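Read the structure below first, then the notes.
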Amino acid sequence: MANPDAAPLARRAVVATLLKDRGDMLVVSGLGSATYDVHAAGDHDGNYYLWGAMGGAALVGLGIAQAQASRRVLVITGDGEQLMAFGALATIAVAKPTNLDIVVIDNQHFGETGMQGSHTGRGIDLAKVAEVCGFATAETLKEMDEVEALAGTLQAKAEGPRLFVIKVAAENPPRSLPSRDAVYVKNRFRAHLGLPQG
C-alpha cells in the first residue's frame, strides 16, 4: 500500500534503478524526457533512442521483441506518448510477446510542450487500459521499493507483455542528449545485434 506521506519519485532515479543491472536487455526510449532519462542512466549500444516518433515507442519495442525473441526488450516512455498510442496497447496484447515490458514514466504532464496537465492526472489509468486489452501484467507503482522489485524481474521470463506505470514528480531535469543522428543510432543498434548496417 502506498505511503500517502512519501515524496513523489524522481524520474532519473527510477530509470537508473531499472537499468542498473540490465544485462543484455534491449531498451527503446520514447520521445523527449524518456530518452533524456535513459541516456542519463548511461549510454549503451543496446539503446534505441527515438526522435520525432511521438507515439511510436511501444510499437517499435514490439517489432524489436518479435525480431529478437531471445532477448528481453524494455520500452521506457512517458504518459503523453503512451496516451497518443492507445491502439498500440491493443496491438501488443494481441501479438502476445513474452519478452516485452513497457514502463510508462507518468508525471501526469506533457513535459515537452510546457508541462500542461495530461489525461493521466484526470483519471485515465494506463495500467487498467493495458489490463483490459489483455496484458499479462499491468500495474501502477508509486514507491521506490516497488521500482527496485520490478528491476529485479526485468530479466525474468513472462507469460506475455507487461506494462508498468510509475508515478513520478512533475519535474524537468536538465536534458541529457544522446546523438540525434537517426542513421547513427540505427546502425549502432544493428551492430550491437550483429546485423549488417546500411
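For the reader, a short list of remarks on this structure follows.
- Whichever residue in segment 146-198 is assigned to a loop (DSSP other than H, G, I, E, B), aliphatic (A, V, I, L, M) and farther than 18 Å from Asp101 by Cα and, among such residues, is modelled with the highest pLDDT: Leu193
- Where Met25 falls short, out of the listed (1) among the hydrophobic types (A, V, I, L, M, F, W, C); (2) surrounded by fewer than 24 Cβ atoms within 10 Å (Cβ to Cβ); (3) farther than 17 Å from Ala156 by Cα: (3)
- Residue in segment 1-9 that is closer than 15 Å to Ile105 by Cα, in contact (Cβ under 8 Å) with a residue 40 or more places away in the chain and surrounded by fewer than 18 Cβ atoms within 10 Å (Cβ to Cβ) present: yes
- Val60 within 18 Å of His192 (Cβ to Cβ), modelled with pLDDT of 95 or more and buried (at least 23 other Cβ atoms within 10 Å of the Cβ): no
- Residues in segment 72-88 that are closer than 13 Å to Leu126 by Cβ, surrounded by fewer than 24 Cβ atoms within 10 Å (Cβ to Cβ) and touching a residue at least 40 places away in the same chain (Cβ under 8 Å): Leu83, Phe86.
- Residues of segment 37-57 satisfying the condition of being more than 20 Å from Met144 (Cα to Cα), surrounded by 21 or more Cβ atoms within 10 Å (Cβ to Cβ), modelled with pLDDT of 95 or more and not small (Gly, Ala, Ser): Asn47, Tyr48, Tyr49
- Test result for Leu89, in contact with a strand residue (DSSP E or B) (Cβ under 8 Å, 6 or more places away or on another chain), of a type in the set (A, V, I, L, M, F, W, C) and closer than 21 Å to Ala170 by Cβ: no
- A count restricted to segment 175-185 and to residues that are surrounded by fewer than 15 Cβ atoms within 10 Å (Cβ to Cβ) and either among the polar types (S, T, N, Q) or touching a residue at least 40 places away in the same chain (Cβ under 8 Å) (or both) stands at 5.
The values are calculated or read from the model by the stated rules, or taken from the named source; none is laboratory data. As the structure is a prediction and not an experimental result, all values here were calculated from the model. Cβ: placed from backbone, ideal geometry, glycine included. Neighbour counts: every protein chain shown.
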